[in-house]
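So the structure is just underneath, and the comments pick up after that.
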Amino acid sequence: MISWLKLSIYFLIGFFYTQSTIFAGELRHPFQGIRNLGMGNVGVASSHDENALIYNPAGLAAVDDMIVSITADVEYNSKSADLVKDIIPPNELNYTTLQNYAGETLHLRLQPLYKTQPVTPLKLVVPFGSLAFGLIHGAERTIDFTIDPSVSTFEVSDRNDKLTSIGIGISLDRGRWLIGASSEQYTRCDEDSNILFSKKILSNGCTEGKGSTYRFGVQKRLTTFPFLRMVSGFAVRNLGGLKFKSDNGTSPIEQKNEFDIGFSITPFNNAIFRNFYEINIKDFTKQNSDESYCLEEKKSSGCNSNRLHIGAEFGFWPFDTSSSAIAIRLGSNQGNQAIGFELNPLIFFKAMTLQYAEYTIIKGSSLGEKKEKRKVFQINLGF
């Protein structure tokens, strides 16, 4: 029998080995879970919480107790944090300050914000025996702006998303099979433009469209080596495609089907400690519409490796299917290191959860063009 300690050592060896590989651009998805991001953004085989609707709706059927969650997220990259430090206390953004950031990209993601309007965020999972129902309603604004080397213009990418997702999960064959599906309603507003430094950077004048799509997922609890608690997973994102329609004839870019597979093990799980490992291959048909390089270079080895996600969680005093009083996470997100942390100050009661994740993505139109480290904080109120 392989002990959980040996598995942890094997994982850490693989984790540090993957960090030396160079990969292609970001697989961009909205409403990603903070817990997942801290574990290399895995979740196809293990999302047994409110984020199941985002990663694999089959995971809804594994939730034991009702979840009601209201969250607020702030995500930024290191250059954004440096800029804020530089303009405080002067409290102004001037040409001289921006010269230090020429050619750099500043990143900011805010939940629950759509344009300038806050949207009440809600995540809900209600189990009924072998059935479970889930709901996500919220908004997210992601802003990336690159400062031209001449410091005269900004290249702005501003994406706003509103999402309402309703799903169901069902447990079959005494819990060995979990099957789930969800319906998603999106409102998306995209703006990509070059703006003079003297003008307002964020205009909220974007290409807005509405669209709907579906997700489907399966998880299979394997009976081989039961002490490992192995689970395999398969999920389809944007089933049937996600097409946006607008009144003015221009719409955000269409999103195609994406297929994900995953495998997880939980070799140690008791009232004091739980450790967990997962590996995912996401979008293995390379259809993500926002990753231009791999859409054209599907046979590239870097694009194959770019789909790989590996993660682990070490939870102390676990009290439900996904939460612990304290949890430490690490992983490999497309070949780049990820770490995360969770704290439930009211131990054994999920009234307030504080979460943090730090991960790195590759940006640019060519293979391994530029790395960007991001940090995200979340406060979660609920039960």
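In segment 121-143, the qualifying residues are those that are farther than 17 Å from Gly33 by Cα and in contact (Cβ under 8 Å) with a residue 40 or more places away in the chain, and the one that is surrounded by the most Cβ atoms within 10 Å (Cβ to Cβ) is Ala132.
Figure legend. Inter-residue proximity from segment 182-194: first residues in contact (Cβ under 8 Å) with a residue 12 or more places away in the chain and within 22 Å of Leu53 (Cα to Cα), second residues among the aromatic types (Phe, Trp, Tyr) and outside any strand (DSSP E or B), beta-carbon distance below 7 Å, spacing 6+ or different chains. Indicated pairs: Arg188/Phe244. Among residues that are within 22 Å of the chain's Cα centre (by Cα) and closer than 23 Å to Lys350 by Cα, Pro127 is not included.
Restricting to segment 291-311, and then to whatever is closer than 25 Å to Ile339 by Cβ and among the charged types (D, E, K, R), can you tell me which residue is modelled with the highest pLDDT? Result: Arg307. The sole residue among Tyr76, Tyr55 that is among the aromatic types (Phe, Trp, Tyr) and in contact with a Leu (Cβ under 6 Å, 6 or more places away or on another chain) is Tyr76. Condition check for Thr142 on (1) under 30 Å from Gln219 (Cα atoms); (2) out of contact with any His (no Cβ under 7 Å at 6 or more places or on another chain): one failure, at (1).
Condition first: at pLDDT below 85 and hydrophobic (A, V, I, L, M, F, W, C). Can you find one or more residues in segment 312-325 that meet it? No, there is no match, as no residue in segment 312-325 is at pLDDT below 85 and hydrophobic (A, V, I, L, M, F, W, C).
Listed conditions (1) free of Cβ contacts under 8 Å to residues at least 60 places away in the same chain; (2) in a loop (DSSP other than H, G, I, E, B); (3) surrounded by fewer than 17 Cβ atoms within 10 Å (Cβ to Cβ) are all met by Ile253, apart from (1).
crowded, with 19+ Cβ neighbours inside 10 Å, at pLDDT below 95 and of a type outside the set (A, V, I, L, M): does that describe Asp158? It is true that Asp158 is crowded, with 19+ Cβ neighbours inside 10 Å, at pLDDT below 95 and of a type outside the set (A, V, I, L, M). Here is the figure for segment 262-278: residues that are among the aliphatic types (A, V, I, L, M) and surrounded by fewer than 22 Cβ atoms within 10 Å (Cβ to Cβ) total 2.
Criterion applied to Ala58, Ala52 was being farther than 22 Å from Thr353 by Cα and among the hydrophobic types (A, V, I, L, M, F, W, C), and the one residue passing it is Ala58.
Go through segment 230-248 and give me each residue that's surrounded by fewer than 21 Cβ atoms within 10 Å (Cβ to Cβ), at negative phi and within 20 Å of the chain's Cα centre (by Cα). Answer for segment 230-248, where residues must be surrounded by fewer than 21 Cβ atoms within 10 Å (Cβ to Cβ), at negative phi and within 20 Å of the chain's Cα centre (by Cα): Ser232, Phe234, Val236, Leu239. Tell me which residues, restricted to segment 250-288, are more than 18 Å from Trp317 (Cα to Cα) and among the hydrophobic types (A, V, I, L, M, F, W, C). Correct list: Ile253, Phe259, Ile261, Phe263, Ile265, Ile279, Ile281, Phe284. With the condition kept exactly as written, say whether any residue in segment 46-54 is touching a Gly at 6+ places or on another chain (Cβ under 7 Å), modelled with pLDDT of 50 or more and at positive phi. The answer is no; no qualifying residue exists.
Any idea which of Ser78, Ser46 is surrounded by 17 or more Cβ atoms within 10 Å (Cβ to Cβ) and among the polar types (S, T, N, Q)?
Ser46
The values are calculated or read from the model by the stated rules, or taken from the named source; none is laboratory data. Here the structure is a predicted model, which means the values were calculated and not measured. In this analysis, Cβ positions are derived from the backbone assuming ideal geometry, glycine residues included, and neighbour counts consider all displayed protein chains.
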